[in-house]
1. Out of everything in the stretch A:93-105 that is aliphatic (A, V, I, L, M) and surrounded by fewer than 23 Cβ atoms within 10 Å (Cβ to Cβ), what residue ends up being farthest from the chain's Cα centre (by Cα)?
2. Just for strands (runs of 3 or more DSSP E) wholly inside the stretch A:49-112: which have at least 2 residues that are touching a residue at least 60 places away in the same chain (Cβ under 8 Å) and closer than 22 Å to B:R37 by Cβ?
3. Please indicate, with yes or no, whether at least one residue in the stretch B:105-114 is more than 14 Å from chain A (Cβ to nearest Cβ), of a type outside the set (A, V, I, L, M) and assigned to a strand (DSSP E or B).
4. So, in the stretch A:11-31, how many residues would count as being in a strand (DSSP E or B) and either at pLDDT 95 or above or more than 10 Å from chain B (Cβ to nearest Cβ) (or both)?
5. Those residues that are without any contact (Cβ under 8 Å) to a residue 24 or more places away in the chain, facing chain A (nearest Cβ under 8 Å) and either assigned to a loop (DSSP other than H, G, I, E, B) or in contact with a Pro (Cβ under 7 Å, 6 or more places away or on another chain) (or both), I need them from the stretch B:28-60; list them, please.
Amino acid sequence: TQLLEQSPQFLSIQEGENLTVYCNSSSVFSSLQWYRQEPGEGPVLLVTVVTGGEVKKLKRLTFQFGDARKDSSLHITAAQPGDTGLYLCAGVVYNQGGKLIFGQGTELSVKP
Amino acid sequence: GAVVSQHPSRVICKSGTSVKIECRSLDFQATTMFWYRQFPKKSLMLMATSNEGSKATYEQGVEKDKFLINHASLTLSTLTVTSAHPEDSSFYICSARDSRISWNTEAFFGQGTRLTVV
C-alpha cells in the first residue's frame, strides 16, 4: 500500500512568517499534486510536479519535487491570512487510471 | 475549465434509509471516477474507483455492499449509501479526469456532499 506522510498536520503562524509543508513516501509516484481546500468544498488543484527535482512557483508558493520522485515540499513566503486553509498533497499512482493517494493534510492558520 | 458537479450538496436522512449521491462530469467524458470520504479537518480517504461499464474497485476495508457504486455512462457515477447509520455521516467527494488526456493531469473534484444520518 502506498502512503504519503504529510507534516505538519497543524500549523498556526503570524502574518508575514514563512512556512514549509512536507510530503514523504517510500514509494515513487508518477507525479505529485498539491491542493487547497476550503471548508465544505472540494479540493482545488494548485500545482502538479512531474519531473524529479522540479521546482514550480506560484506567486508566494514554491513547490518542489524530490529527485527520486518520492517526496515534495510546499514553501509559503510571507504568509497572509488569505492563505488559511487545508493543504493536501496527493501522489498520482502509476497505471491506475489517475488514482490519487492523499497525505494527511496540513491545516494552516495565518493570524493577522 | 472542466467541471464536476456533485449532487446533493447536503442531505439529512434517517438511520436505516439509503441515500444516493450523483457525480457528473459536465463538459468531458470520464471513464474513471473516484469516490472519497473525508472526516472533519482530515484528509481525503479513497473509497473506490468507479469504472464506466464495469464493476467498481473498492479500497481495502470499504464495504462494497454498503457503498454501492454505479457508473452507467461516461459522465455519471453514483454512490449509494445503503442502510445508512450515524457512523456513515461524513463528507463524500467525487473526482473525475478527462479520459482523453494522460493520467498526469488535473483531477476535477465535485463540491462534495455532506451526509448526516440521524
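1. The selected residue is A:V93.
2. A:85-92, A:100-102, A:106-111
3. No: the stretch B:105-114 contains no residue that is more than 14 Å from chain A (Cβ to nearest Cβ), of a type outside the set (A, V, I, L, M) and assigned to a strand (DSSP E or B).
4. The qualifying residues number 10.
5. Matches in the stretch B:28-60: B:K41, B:K42, B:S43, B:Q60.
The values are calculated or read from the model by the stated rules, or taken from the named source; none is laboratory data. As the structure is a computational prediction, the values presented were derived from the model and not from experiment. Cβ coordinates were reconstructed from backbone atoms using ideal geometry, including for glycine residues, and neighbour counts include every protein chain displayed.
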